[in-house]
1. Do the conditions hold for Glu160, that is, is it in a loop (DSSP other than H, G, I, E, B), over 29 Å from Arg29 (Cβ atoms) and either of a type in the set (Phe, Trp, Tyr) or in contact (Cβ under 8 Å) with a residue 12 or more places away in the chain (or both)?
2. May I ask you to list pairs of residues, at least six apart or on different chains, whose Cβ atoms are under 7 Å apart, with the first in the stretch 27-53 being of a type in the set (Gly, Ala, Ser) and the second being part of a loop (DSSP other than H, G, I, E, B) and surrounded by fewer than 14 Cβ atoms within 10 Å (Cβ to Cβ)?
3. Scan (1) farther than 26 Å from Glu105 by Cα; (2) at pLDDT below 95; (3) surrounded by 12 or more Cβ atoms within 10 Å (Cβ to Cβ) for the single condition Leu74 breaks and write down its number.
4. Output the strands (runs of 3 or more DSSP E) that fall wholly within the stretch 2-117 and possess 2 or more residues being within 23 Å of Tyr192 (Cβ to Cβ), or say none.
5. Which of the residues belonging to the stretch 101-128 are surrounded by 21 or more Cβ atoms within 10 Å (Cβ to Cβ) and not small (Gly, Ala, Ser)?
6. If I ask for residues that are more than 12 Å from Tyr28 (Cα to Cα) and of a type outside the set (S, T, N, Q), which ones from the stretch 62-81 would you list?
7. Out of (1) part of a helix (DSSP H, G or I); (2) surrounded by fewer than 10 Cβ atoms within 10 Å (Cβ to Cβ), the odd one out for Ile204 is which?
8. Within the stretch 166-190, how many residues are of a type in the set (Lys, Arg) and more than 15 Å from Trp236 (Cβ to Cβ)?
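The values are calculated or read from the model by the stated rules, or taken from the named source; none is laboratory data. Values in this document were obtained by computation on a predicted structure and should not be read as measured data. Reconstructed Cβ throughout: ideal geometry from the backbone, glycine too, with neighbour counts over all protein chains shown.
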Amino acid sequence: MLLTPPVPPAKDHVPTEQELREDLAAAYRLLALYGMTDLVYTHLSVRVPGEGHRFLVNPYGLLFEEITASSLVLVDADGEPLQQTTWPVNPAGFVIHSALHRGREDAACVMHTHTLAGMAVAAQAGGLLPLNQMGMEFHGLVAMHEYEGVAADDNLSERERLVRDMGDKPCMILRHHGLMTVGRTVAEAFYYMWYLEQACKIQIAAQSTGVPLATAPMDMVERVVKQGKKEYNKGWLPWQALKRKLDREQPEYRS
């Protein structure tokens with residue numbers, strides 16, 4: 001079957017809550033599909049348009065593969081539910097999300113993972129290295145936040161440091177903890193998370209060979225970074241393809 005090429009939305013398009021619910025549910029399903037989950041822990045969240053700070057987040061206790069658009073819970077800036085729900089929400093797990101949502105206007109979507117590759121790189125003093133094309137694209141785009149223990153309500157001052165450390169970057173490595181990305185859309189945040197994860201996997205694989213590694217020269221790294229900035233509507237096109245995959249294999253995510 002010949003598919004019709006998707007048409008990007010207008011730049012001034014404001015997504016509806018239902019559109020955001022479907023996109024966020026799709027992101028949860030995709031992280032599960034590609035092995036980027038930590039049982040029922042970690043979160044993905046997205047800001048809902050309108051007054052006040054309102055966000056959609058996963059109900060605490062569901063596996064990512066079980067998330068649907070309707071099961072997502074609307075919460076306030078502190079992670080407290082703004083709707084009736086039979087599932088609890090984990091306010092402590094929402095601390096780092098609310099910090100970036102409130103501190104960054106462009107952080108409409110926030111994603112956080114505890115993957116093997118991401119946590120392995122987070123344990124390395126040098127962080128992400130320019131060992132491959134994917135890693136080079138992240139040069140200057142990845143912040144670092146030092147570990148302060150489990151993010152919880154009793155350490156609210158960490159929110160300020162999270163925002164400070166991330167600055168205007170779309171990605172951050174949480175030392176001894178994992179990866180975090182933000183985006184103006186769910187598609188953009190997922191794009192950064194996908195390729196940050198791939199870059200981490202490649203780095204761990206290269207290091208495991210035990211042979212000397214060749215990092216790219218800085219002039220080449222900077223060239224790759226400039227080339228990456230030319231991409232229009234970052235992440236949107238692969239996001240459409242991924243949702244088509246889910247529509248074929250897991251259409252219930254939209255329900």
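1. Numbers: in a loop (DSSP other than H, G, I, E, B): no; over 29 Å from Arg29 (Cβ atoms): yes; either of a type in the set (Phe, Trp, Tyr) or in contact (Cβ under 8 Å) with a residue 12 or more places away in the chain (or both): yes.
The answer is no for Glu160.
2. Final answer for the pair search is Ala32/Leu63.
3. (1)
4. On the way: elements: 44-47, 55-57, 73-75, 109-113.
In the stretch 2-117, 44-47, 55-57, 109-113 are the strands (runs of 3 or more DSSP E) which contain 2 or more residues that are within 23 Å of Tyr192 (Cβ to Cβ).
5. His101, Cys109, Val110, Met111, His112, Thr113, Thr115, Val121, Leu128 - these are the residues of the stretch 101-128 that are surrounded by 21 or more Cβ atoms within 10 Å (Cβ to Cβ) and not small (Gly, Ala, Ser).
6. Those that are more than 12 Å from Tyr28 (Cα to Cα) and of a type outside the set (S, T, N, Q): Val73, Leu74, Val75, Asp76, Ala77, Asp78, Gly79, Glu80, Pro81.
7. (2)
8. Residues meeting the conditions: 2.
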